[in-house]
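Some notes on the structure that comes next.
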Amino acid sequence: MSETVQLTINDKSYDLPVIKGSENEKAIDISKLRAQTGYITIDTGFKNTGSTTSAITFLDGENGILRYRGYPIEQLAEKANFLEVCYLLIYGNLPTKTEFSSFTNNITNHTLVHEDMRSFLNAYPTKAHPMGILSASLCTLSTFYPESHEQNRSEESVDLTIYRLLAKLPTLAAWAYQNAVGHPVMYPKNKYNYCENFLQMMFAMPAFNYEPEPVIVDALNKLLILHADHEQNCSTSTVRVVGSSQANLYASISAGVSALWGPLHGGANQAVIEMLEKILNDGGGLKKWVEKAKDKEDSFRLMGFGHRVYKNFDPRAKIIKKAADDVLNKLGIVDPVLDIAKELEEVALNDEYFQSRGLYPNVDFYSGIIYRALGIPTEMFTVMFAMGRLPGWIAQWKEMMKDNQPIGRPRQIYTGEKERNYKSIEKR
Ligand code: SDX
């Protein structure tokens, strides 16, 4: 007998079914609530509302657990290759050697972008933020592949779009950066692996030879894995809702990039570095900034702190904090911003305000310090987040399409004017 809960409204009781997940999470299924009771529920920001079941990523916010398809993030970050993780998230299992080779070849063979995209990119102002370019470019890609707009897409056609997105996002990201700094774009080279190729498109110049350093390639691989998916966050929910209207995958991913840009979400990694530099330039007095972050009258927030789900440490932040030390040591970089970040974490975690609200460093708090060490400019940090999150967005879109989910269309409670009649302008 499946579990139910009872709801009583005006002395009438209703049994609502309970859904239990594979990790014993429980939800009350209200899909028939309005038909049964005339009531809807309301939960601004969806803090207590699940939008779907999903078999892709499991988070336990109280215990700091994150697993992709059952594999702990700590193991994947330490041992896996980012394209392996892409395959795992999108197709459900780690690839065999043959599957991985075929997947990698398919992606390598689609890294080039249509030359007409160059004139599109050249139209941007020099200081254009690369996230604006990336979101627009990904949606524009769909115009080069009209077959991707069809509704009843074959498995092969969807796979081809998946290969094109994974292959071309790094190229578009590097070109957006080159456009911003007025440098000539570099083309992908098939001799490089995924991370090496992105780095050479970012930093090589026609005038000199550039070979990606293994330390930097490994750090990038780890960062991309750590950002690859995170269940129903703001940008993933955006991808799902846009995709639920049967919009094509390019348009859905482009919408996800736009949602990620916000400083409360993926844009926080850029905001963290800008905050830490501001504190450093202000003389590094941390207490003042922590007090500002606590002051409800002050709009200042500790960027990179707090999370909707993690009310304990974000396991990704722990891994990235350690990786930041490793990478800076290996590269011989001393970055005072890292010291400020560690001190700020220390002060905040010993402060009742942060402790009582479960505010810990999240994935964005230390990631920018590594990106800086890799030579990636601050305005590109959220583009890096998007590059990592792309397989997660694709996997979630694919799951939503496979489950044949209805169009996402929430209800509301109207609080505006009651009915009134139009008056001509002379009589108003
Ligand atoms: C990401 O969802 C995901 O999974 C996202 C992500 C992913 O991988 O996709 O993990 C990536 O987006 C990480 C979060 C990056 N954003 C930031 O670092 C921005 C700073 N953080 C906050 O804006 C905030 O913590 C959020 C947006 C992350 C979470 O906001 P919630 O869940 O809506 O919580 P809230 O704003 O209601 O905060 C609860 C309390 C409030 O105080 P009280 O009303 O209880 O007095 O905590 C306070 C907030 O004022 N608070 C903060 C704070 N974050 C929350 N106070 C100071 N500094 C902060 N950073």
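The values are calculated or read from the model by the stated rules, or taken from the named source; none is laboratory data. Computed from a predicted structure; not experimentally measured. Positions of Cβ are generated from backbone atoms using ideal geometry, with glycine treated the same way; all protein chains shown enter the neighbour counts. We work out accessible area using only protein heavy atoms, side chains counted, and drop any ligands, DNA or RNA first. Shrake-Rupley method; radii C 1.70, N 1.55, O 1.52, S 1.80 Å.
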Could you look at the stretch 4-65 and say what percent of its accessible area is carbon and sulfur, using a 1.4 Å probe and all protein chains? 48 percent
What is the Rg over Rh value, at two decimals, for the stretch 16-99, using alpha-carbon atoms and the Kirkwood definition of Rh? 1.11
As an exercise, use a Förster radius of 25 Å and the Cβ-Cβ distance of Asp326 and Leu264 to find the FRET efficiency, rounded to the nearest 0.05. 0.30
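Write down the Kirkwood hydrodynamic radius of the stretch 57-181, to one decimal in angstroms, obtained as one divided by the mean of 1/r over all alpha carbon pairs.
Result for the stretch 57-181 stands at 16.7 Å.
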What per residue convex hull volume, in Å³, do the alpha-carbon atoms of the stretch 373-421 yield? 179 Å³
Highest-first arrangement of 11-24, 302-315, where packing means the average Cβ count within 10 Å: 302-315, 11-24
What is the distance, in nm, between label points placed 7 Å from the Cα along the Cα-to-Cβ direction at Glu274 and at Asp403? 3.5 nm
How big is the chain by the Kirkwood estimate over distinct Cα pairs, in Å? 23.5 Å
Provide the FRET efficiency to the nearest 0.05 for the Thr96-Ser154 pair, computing r from the beta carbons and using R0 = 22 Å. 0.40
Per 5 angstrom bin, beginning at 0 and ending with the bin that holds the maximum distance, the Cα pairs of the stretch 4-65 fall in percents of 4, 13, 23, 23, 17, 11, 6, 3, 0
Violations at 26 Å Cα threshold for listed pairs Lys20/Lys398; Lys20/Lys79; Lys222/Lys398; Lys294/Lys330; Lys311/Lys402 -> Lys20/Lys79; Lys294/Lys330; Lys311/Lys402
Between Glu419 and Glu147, what is the label-point separation in nm under the 7 Å Cα-to-beta-carbon projection? 5.4 nm
Taking 1 over the mean of 1/r across every pair of different Cα atoms in the stretch 190-272, what Kirkwood radius in Å do you get? 15.0 Å
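Expressed in nm to one decimal, what extension gain is obtained for the pair His183 and Tyr14 from 0.36 nm per residue of sequence separation less their Cα-Cα distance?
Difference between extended and current length: 54.3 nm.
For the ranges 31-42, 196-207, 402-413, what's the packing order if you count other beta-carbon atoms within 10 Å of each residue, average per peptide, and put the highest first?
196-207, 31-42, 402-413
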In deg cm²/dmol, rounded to the nearest 500, the helical mean residue ellipticity at 222 nm of the chain, built from -39500 (n - 2.57) for every DSSP H run of length 4 or more, is -16000 deg cm²/dmol
So what is the accessible area of the stretch 4-65 per residue, in Å², with the probe set to 1.4 Å? 73 Å²
Could I have the simple spin-label model distance between Ile40 and Arg428, label points 7 Å from Cα toward Cβ, reported in nm to one decimal? 2.9 nm
So which helices of the chain fit the span-like rule, where a helix is a whole DSSP H run, its Cα atoms reach 27 Å or more along the axis, and its mean Kyte-Doolittle is at least -1.0? 155-181, 381-402
Per residue Cα convex hull volume for the stretch 281-381, in cubic angstrom? 111 Å³
Equivalent-ellipsoid semi-axes of the stretch 323-427, from the Cα gyration tensor, Å, largest first: 45, 25, 18
Mean Cβ-within-10 Å packing, highest first, puts peptides 290-298, 361-369 in the order 361-369, 290-298
